[in-house]
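Asks: Once you've had a glance at the structure underneath, I'll fire off some questions.
The values are calculated or read from the model by the stated rules, or taken from the named source; none is laboratory data. None of these values were measured; they are calculated from a predicted model. Cβ: placed from backbone, ideal geometry, glycine included. Neighbour counts: every protein chain shown.
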Amino acid sequence: MFGKHFYHESLRKIVVAFGTIFNNIVIHRKDSSGNVIQSLKVPLAYSPKEKFLTRLEQQSDLNKREVAITLPRMGFEIAGLSYDPSRKLQRLGRFKATRSDRGDVLDYQYNPVPYNISFNLYSFTATAEGGLQIVEQILPYFQPDYTITVNAIPTMGVKRDVPVVLNSVNYEDTYDGSFTQRRAVNYTMSFTAKTYLYGPVYAKRVIKETQADLYTDTATGSKREERIIVVPNPTSADADDDFGFTTTITNFTDSKNYNPETDSDE
């Protein structure tokens, strides 16, 4: 049914752009006098929450590669995708671009389809103070959304502003008082990225001549009496050149009509 392969990396670009928002979070550790004794850039990875929790519970073993991770850490993942009818564009609308290597070819795409991508962002810290530092560096930027710009289709010159909406913030402390259990303060922030997904790019030759035949009678079998032909000036111009038009008007009394199959008057 579909057949034509295409891949614009639309989802991948949104994932990368979303992660970039949070890849420069830093927390400070202070002494009893309030002096900063350590600054830690919080590592960020694309990973499910369950994987982080599993790694937190693992014990170091020299015979195994899997060891407990150090805190603080942040992770994020796609939680789901859903169609957004409120942002639907006209289905047959399209946008065009000429190729840089061939000015006589015009590429075009139909309007993209709106989708909401749900993300979950997780932060894991060993102390409540560390978790609060991370959350406080994020929340003020979302009121309730933060807009990122994505270079959606470079070959078509399409850049899209994507609002990322903060939906909720949940808190969890896994520490229950056991001396053998490692404490992890976890914040889960839910976001929605309002983006678009794009279909295939089609190509067609640039039209360099238009012809319109005019009639003075609407009856079936009427013969054309005037013809208007418009061509670019110069005729060698490509779609992205600066050019004008030459219009030629011809009157006829020969009672003929144009046959598009033979490209002649009969």
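Asks: Considering every residue within region 214-234, establish whether at least one is in a strand (DSSP E or B), without any contact (Cβ under 8 Å) to a residue 12 or more places away in the chain and not assigned by TED's automatic domain parsing to the domain that holds residue 124.
Replies: Within region 214-234 (the criterion being in a strand (DSSP E or B), without any contact (Cβ under 8 Å) to a residue 12 or more places away in the chain and not assigned by TED's automatic domain parsing to the domain that holds residue 124), the answer is no, since none of the residues qualifies.
Asks: Filter region 121-136 for residues that are among the β-branched types (Val, Ile, Thr) and not in a strand (DSSP E or B); which is surrounded by the most Cβ atoms within 10 Å (Cβ to Cβ)?
Replies: 134
Asks: The conditions are (1) surrounded by 10 or more Cβ atoms within 10 Å (Cβ to Cβ); (2) within 39 Å of the chain's Cα centre (by Cα); (3) in a loop (DSSP other than H, G, I, E, B), and residue 242 fails exactly one of them. Which is it?
Replies: (1)
Asks: Can you name the residue in region 247-266 that is touching a strand residue (DSSP E or B) at 6+ places or on another chain (Cβ under 7 Å) and part of a strand (DSSP E or B) and, of all such residues, is nearest to residue 231 (Cα to Cα)?
Replies: 247
Asks: Could you list all residues from region 137-151 that are of a type in the set (S, T, N, Q), under 21 Å from the mean Cα position of the chain (by Cα) and either outside the structural domain of residue 187 (by TED's automatic domain parsing) or surrounded by 11 or more Cβ atoms within 10 Å (Cβ to Cβ) (or both)?
Replies: Of everything in region 137-151, just one residue is of a type in the set (S, T, N, Q), under 21 Å from the mean Cα position of the chain (by Cα) and either outside the structural domain of residue 187 (by TED's automatic domain parsing) or surrounded by 11 or more Cβ atoms within 10 Å (Cβ to Cβ) (or both), namely 151.
Asks: For residue 208, all conditions in the list (1) more than 28 Å from residue 155 (Cα to Cα); (2) in contact with a strand residue (DSSP E or B) (Cβ under 9 Å, 6 or more places away or on another chain) hold save one; what is the number of the exception?
Replies: (1)
Asks: Return yes when residue 73 is out of contact with any Leu (no Cβ under 9 Å at 6 or more places or on another chain) and modelled with pLDDT under 90 and no when it is not.
Replies: It is false that residue 73 is out of contact with any Leu (no Cβ under 9 Å at 6 or more places or on another chain) and modelled with pLDDT under 90.
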